[in-house]
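What follows is one structure encoded as structure tokens, with my remarks underneath.
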Amino acid sequence: MWAEGWTSLRDAQEWAVPVLVDADQDVIIAAATAAGKTEAAFLPILTHLLNHNDPPGAVLYISPLKALINDQWDRLSRLCEQLEIPVVAWHGDISSSKKHRFLKSSEGVLLITPESLEALFVNRGSSLGGILQNLRYIVVDELHAFIGSERGKQLQSLIHRVELVAGRRLPRVGLSATLGDMKMASEFLRPGGTDTVTVIESKNSNQILQVQVRGYLQPPMSELIKSRVERSHDDEDESEQENETSPDFAIADHLYKVLRGSNNLIFPNSRAQVEWYADQLRRRCEMDGVPNEFWPHHGSLSKDLREQAEHALKAGNQAASAICTTTLELGIDIGSIKTVVQIGAPPSVASLRQRLGRSGRRPGEKATLRVYCKESPLKDASSLSDQLRQGLVQTIAMVRLLARGWFEPPRAQGIHASTLVQQCLSVIAQCGGASAADLWKSLIAEGVFPGVEKPDFVKLLKSLGEHELIVQDSSGLLLPGTVGERLINHYEFYSAFTSDEEFRLVCDGKTLGSVPVSHPLTKDQRIIFGGRRWQVRDVDLQAKVIIVSVARGGTPPQFDGLGAMVHDAVREEMRTVLADNTPCPFIDRGAQALLDEARKAFASLGLGDRYLIESSGKCYLISWLGDYANDALRLLLNHVGLSCENSGLAIEINANINEAKAALKSVSGLNPSDLDSTLADVENMLREKWDWALPKPLLMKSFASISLDIETAIAFAQRELNCTYFG
């Protein structure tokens, strides 16, 4: 502390000392990025190791990213170098000699990912007792990044299994950005023991936020198509003609003007857009004869290219901006960032908050957010989502919620039966075989998969046998089957999840492009891509291909129906934004004009008083619910015979209002647990890594728990059916 020149501790660092130093309780330390969470945890933890060093103790530090482990190794090594406490990083890039040193003398701080910890269980199951015998603490960094995912379920199971091997309850320490629901975070850290978790929430951030949202009009699709046909083959002429028709060039010009000379993060909503903006901004540097300041950063780039961008940001000797995906959301040290840019509606308020944690970290510096929204010009046949300026209004709602300190709680209710498959195989490998009773007790009855009932577990084991993942010997012991043995011995086994791959859209044998898919897909469903409507004809889950044909219909909305899931509270705030008539203080004139159009449409359609309306020859249901409930509502309406599409803010119904009311009445009487009927037409239920091995009833339960909110959808139909809002 003296060497760092500290004159005082931050609030979280002060509060953490008495609750952590005795290693006798679970603790969550929640604070903004760069608020000193690592030191808050490790100053008392290292003190404990020094005070109780006979025998020497160990700390298991679990991180979501290898890059974050490398960062923390540097940081903790500086803390520990004079304490003679070893710090060992453990992941695929670390030499085996360094790992063996820890295995021979298991003391100090072990930095590891969940995948590497899984590998320890599988490959060193018999010797784990010795490795973990001196463990004093389990620390989980970036706790919020795990909650609600299959990887988070894997982490919970691994921590439980660590305690089983160690033979005692170990204090768990979660480090996190501030979460909206700390009770949920506590339940995640210690399932079933929420009341025993001490929460330390820093109040020191006091970050001043400055925001500007800019609005742009997309040219009509007919103009874009015409410009492509007329465009010359000359590159410069092509750029010039595109410049007249696309707001992306205006956005690139503005970014170049306001960001040059400082360090910034730019978040478009796709990898293709990352590459496009990186190219455009680099070209502008070349045209001005100045060094390039703009670097792409996303998961498909090689490690070397990603590190180029990280080093440029961190070096501090010249300006650098990264155009990136979520790869730079978590706490890799990239130095001080002046501005965070979002192009298009943010994926979530929580994501926006995480990104903004990078900006305004120096004393007295404001956190700066710039958002660029593109909307379509209105015509007689414009969709309701375009009339209500869905992307812009969603952005405004998210910024308002962010300013109030709200952000989405993770969806922690997922069963994640896929991860249960992996954990069953892992325990069998660790122990050299396990009985069905052992698996039930360690993973479900006393473990972290309480949502799986005994009949489902019996069917699961039978299904694993049918897929040759397990076999049972004459004594009843479960062992790896021929397929299971091969998969367990493959390095990809240790990961509980697969990367979100994009689906290719193919029409008449020609690839249209690739899209990420978050929503359920059904045959004959219509989706939006490249400014056109397409009808889903088939889905090939193995090849990640969606076969489509051209769909008839009016002008397509901007919303594609496939992207990030929007929370109920965001939609409710959108309704409040539209019902308001006061100017929005943080948007430019272009955005204000677009917002005024949306408010006018909201008022003229009477959306303050009703949920069912007719507009442009179509019937719309506007529930103001989030996507999990709206997706469920669409599937339920399809199930009772009504053809409809989820276009984000509204559900487009191919029927009149009376037929829609009748369908909603039928939905109101449905049983939420009757998944066989509701999910019969869903094509993409295999969402998680081991879903292919699940029996169908468990697959349906797992998919519904992760992807849908059926109860809220049915409750909406019951509550609103007789309400005047259905006008």
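Please treat every number below as a calculation from the coordinates, not as lab data. Fair warning: this is a prediction, and the values are worked out from it, not measured in the lab. Methodologically, a virtual Cβ is constructed for each residue, glycine included, from the backbone with ideal geometry; neighbour enumeration extends over all protein chains shown.
Structural remarks
- Normalised by the number of residues in segment 16-142, the average gap of Cα pairs under 8 Å and 6 or more apart makes the relative contact order 32 percent.
- For Cα extents along the principal axes in Å, calculated from these coordinates, the label among (1) 77, 64, 62; (2) 110, 61, 57; (3) 79, 66, 50: (3)
- Cα centroid separation, segment 254-310 to segment 482-550: 28 Å.
- Built amide H within the under 5 Å cut-off of residue 28, gap 5+: 174, 198, 199, 200
- Taking Cα atoms only, the orientation of helix 221-230 departs from the longest principal axis of the chain by about 90 degrees.
- Under 5 Å from the amide H of residue 181 lies no amide H of any residue 5 or more positions distant or on a separate chain, with H modelled from the backbone and absent for Pro and chain starts.
- Listed by Cβ neighbour count within 10 Å, with the fewest neighbours leading, 398, 182, 1 appear as 1, 182, 398.
- Extension gain for the segment residue 445 to residue 537, taken as residue separation times 0.36 nm less the Cα-Cα distance, is 28.8 nm to one decimal.
- Residues 485, 307 arranged by fewest to most Cβ contacts within 10 Å: 307, 485
- Cβ crowding within 10 Å ranks 42, 497 as 497, 42, fewest other Cβ atoms first.
- Residue 490-residue 681 pseudo-label distance in nm [points 7 Å out on the Cα-to-Cβ vector]: 3.4 nm
- For the chain, the mean residue ellipticity at 222 nm estimated from helices alone is -12500 deg cm²/dmol, where every DSSP H run of n ≥ 4 contributes -39500 (n - 2.57) and the total is divided by all residues, rounded to the nearest 500.
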